[in-house]
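Worksheet for the structure shown next.
The values are calculated or read from the model by the stated rules, or taken from the named source; none is laboratory data. None of the values given here were measured: they were computed from a predicted structure. Cβ placement follows ideal geometry from the backbone for every residue including glycine, while neighbour counts extend to all protein chains displayed.
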Amino acid sequence: MATPPSHDTKTWPESVAIEFRAQRGIALPLIAMNLTWFAKLAVTTAFLGRLGDLQLAAGTLGFSFANVTGFAVLTGLCNAMDPICGQAHGASNAKLLRKTLLMATILLLAASIPIAFLWLHVDAVLRRFGQQPDITANARTYVVCLLPDLAVTSFLSPLKSYLSAQGITLPTLFSSALALALHVPLTMWMARTKGIQGVASAVWISDLAVAVMLAAYVLASERLRKAAAGGWLEQTTGDWLRLLRLAVPSCLNTCLEWWCYEILVLLTGRLPDARRMVGVMAVTLNFDYLLFAGMLSLSVVNFPLNVCGGIVRGTARPAVGMYAVLGGFYVVALPVAVALAFKARLGIDGLLLGFLLGAALSLAVLLTVIARMDWAAEADKARRRVHATATTTAATGDAC
């Protein structure tokens, strides 16, 4: 009797087609979801502009400060969920998924406390960097009204990671779309009644709507799931140490990358004809963000640097990505960009060329690491890691 062909006998075009179809169902909803997020940002910016130049400058400055000191930190910490939840889902370890979701939420809430204290003094920080008093005062008003978004993000980001690790994307898409539909009239009304305070409040209210919808979906699906219940409160010291070992380099990796773009804007402000150059850079980065909305979701199949970053995170090696970003962007890109822009007098072209060189170097480092990986050994390590966690959880449950 003839033996049916196995998956291993497929040619590489067939394998690529199979992988593409598998990724398409996950990526397309995430692309739409990320586009709704950037659309919400555009709506917020538009209504700040309608309030006046001062409010637009203060709101933009305040949001940039909140981004690099708050949301970058929370996003980076939450990235530690990716390898744990991905491997737990592959091993059908529902208890590990649940307790990782709870631990990540607690970790982000704890990190939000010092961030909140920093935000309360944003005006003093910005004045030390030479910003005008009227702008810093309005920026503080915006950031203080945005404070609840720290707590909301501490719930929302882990919920998104928890669902995406299981390949569940449609609830996130639908909730984000509904929140965007709410955000437009809400921002319009609150901007008219409360000014810059209302615009900031509308941001966290729409984020809260997404978090509530996703939490309701998770709770409802957990009740219907046939897998064994429990796991939420079965954390051990080893579980926390493993999460923290991944969270710290993941956070540094994300922060270093986000901060680099802010430094790029600051350097642009020191070029001749700074106002026009900053405008050009803003258009360039906004176009990049629009691409990033799609590339963020397609990082497993496109955009080589994101692909490599996803691989090292998925194999529980976020420190490799951190060192690649640190070396590529801070050791090479920034010095070269400054030299080309100011010494060689290439202006904004020099800045962009320097950052392009840094990205290429980071990619080369990650490609070298990935090419040397033993994938059979990586799969075996993932199985052992999940099995050890399952054994520890079972022992904890028996002891209780």
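A compact table of results
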read-out: Failed criterion for Val332 (all others in (1) in contact with a Pro (Cβ under 7 Å, 6 or more places away or on another chain); (2) assigned to a helix (DSSP H, G or I); (3) among the aliphatic types (A, V, I, L, M) hold); value: (1)
read-out: Count - residues of the range 162-178 that are of a type in the set (S, T, N, Q) and either crowded, with 22+ Cβ neighbours inside 10 Å or out of contact with any Cys (no Cβ under 9 Å at 6 or more places or on another chain) (or both); value: 4
read-out: Exclusive hit being aromatic (Phe, Trp, Tyr), touching a helix residue (DSSP H, G or I) at 6+ places or on another chain (Cβ under 9 Å) and modelled with pLDDT of 80 or more, set Phe65, Phe117; value: Phe65
read-out: Residue pairs meeting the criteria (Cβ under 6 Å; at least 6 apart or on separate chains; first in contact (Cβ under 8 Å) with a residue 40 or more places away in the chain, in the range 135-152; second not in a helix (DSSP H, G or I)); value: none
read-out: Any chance Ala359 is part of a helix (DSSP H, G or I), among the aliphatic types (A, V, I, L, M) and over 28 Å from the mean Cα position of the chain (by Cα); value: no
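This table checks each residue for (1) at pLDDT 85 or above; (2) among the hydrophobic types (A, V, I, L, M, F, W, C); (3) surrounded by fewer than 14 Cβ atoms within 10 Å (Cβ to Cβ).
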{"residue": "Ser299", "(1), (2), (3)": "no, no, no"}
{"residue": "Asn302", "(1), (2), (3)": "no, no, yes"}
{"residue": "Gly309", "(1), (2), (3)": "no, no, no"}
{"residue": "Arg317", "(1), (2), (3)": "no, no, no"}
{"residue": "Gly321", "(1), (2), (3)": "no, no, no"}
{"residue": "Val336", "(1), (2), (3)": "yes, yes, no"}
{"residue": "Thr368", "(1), (2), (3)": "yes, no, yes"}
